[in-house]
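Reviewing the structure listed below.
The values are calculated or read from the model by the stated rules, or taken from the named source; none is laboratory data. Just so it is clear, the structure is predicted and the values come from calculations on it, not from any experiment. Positions of Cβ are generated from backbone atoms using ideal geometry, with glycine treated the same way; all protein chains shown enter the neighbour counts. With ligands, DNA and RNA removed, areas are computed over all heavy atoms of the protein, side chains included. Shrake-Rupley method; radii C 1.70, N 1.55, O 1.52, S 1.80 Å.
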Amino acid sequence: MSTPGPVESDLGWALGAVMRSYLRATTEAVGDVPGGPRGYQVLSAAAGEPRSQLALAQHLGLDRTVMTYLLDDLERAGLLERRPDPADRRVRRIVLTSAGGARLCDLERRLAAAEEHLLDPLGPAEREHLRHLLRVLATRTTQGEDACTVVQEAQQELAEAGPGTRRGRS
């Protein structure tokens with residue numbers, strides 16, 4: 001096993017390289033849905049408890065205007081509907097149609113295949129461990145904790161997992 005060079009050992013470079021590969025693969029997987037990746041996120045979020053348009057925009061971190069255009073396109077495609085809220089007629093709840101549910105299932109299968117391809121160099125246990133560490137980082141950094149401390153804790157957890165959990169490349 002060779003020692004990685006200065007760039008390859010940099011966390012930012014590694015995260016960026018993985019993210020660029022992930023974005024290419026997932027954009028291709030969901031590129032035919034109105035709005036692409038954002039459209040997929042809206043469909044995925046709409047699959048849960050019906051939310052108002054504003055609540056959905058806030059949940060996804062999207063501008064209200066962008067959300068309106070996305071919903072218009074997804075509604076024209078027959079993938080979701082805006083329904084009046086029984087408690088407040090001024091509010092519209094976003095609900096998947098049956099076609100939207102079927103399309104979401106297809107998109108999720110394609111995304112899973114893209115993720116599996118991206119994670120191919122890792123074994124099953126390593127994939128789950130990576131997903132776990134990323135969830136820890138994502139949830140902690142979104143709760144206002146210091147990102148440097150979070151990364152150090154994740155590195156410590158990885159080190160404690162031991163060398164038997166990693167597959168090296170020469």
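Here VAL42 does not qualify as of a type in the set (Val, Ile, Thr), in contact with a Phe, Trp or Tyr (Cβ under 7 Å, 6 or more places away or on another chain) and crowded, with 18+ Cβ neighbours inside 10 Å. When restricted to residues that are open to solvent by 60 Å² or more (accessible area, probe 1.4 Å), part of a loop (DSSP other than H, G, I, E, B) and touching a helix residue (DSSP H, G or I) at 6+ places or on another chain (Cβ under 6 Å), segment 106-137 contains 0.
Inside segment 78-90, residues that are open to solvent by less than 50 Å² (accessible area, probe 1.4 Å) and under 18 Å from GLY35 (Cβ atoms) make up a count of 3.
Among the residues of segment 70-77, is there at least one that is open to solvent by less than 40 Å² (accessible area, probe 1.4 Å), outside any helix (DSSP H, G or I) and more than 24 Å from LEU130 (Cβ to Cβ)? Within segment 70-77, none of the residues are open to solvent by less than 40 Å² (accessible area, probe 1.4 Å), outside any helix (DSSP H, G or I) and more than 24 Å from LEU130 (Cβ to Cβ).
Among the residues here, ALA77 does not qualify as within 19 Å of the chain's Cα centre (by Cα) and among the hydrophobic types (A, V, I, L, M, F, W, C).
One residue stands out in segment 45-61 among those that are more than 15 Å from GLU108 (Cβ to Cβ) and of a type outside the set (A, V, I, L, M, F, W, C): the one that is most open to solvent (accessible area, probe 1.4 Å), namely GLU49.
Just checking, which of ARG103, ARG93 is more than 29 Å from ALA113 (Cβ to Cβ) and open to solvent by 40 Å² or more (accessible area, probe 1.4 Å)?
Numbers: ARG103 fails: more than 29 Å from ALA113 (Cβ to Cβ).
Selected residue: ARG93, the only one of ARG103, ARG93 that is more than 29 Å from ALA113 (Cβ to Cβ) and open to solvent by 40 Å² or more (accessible area, probe 1.4 Å).
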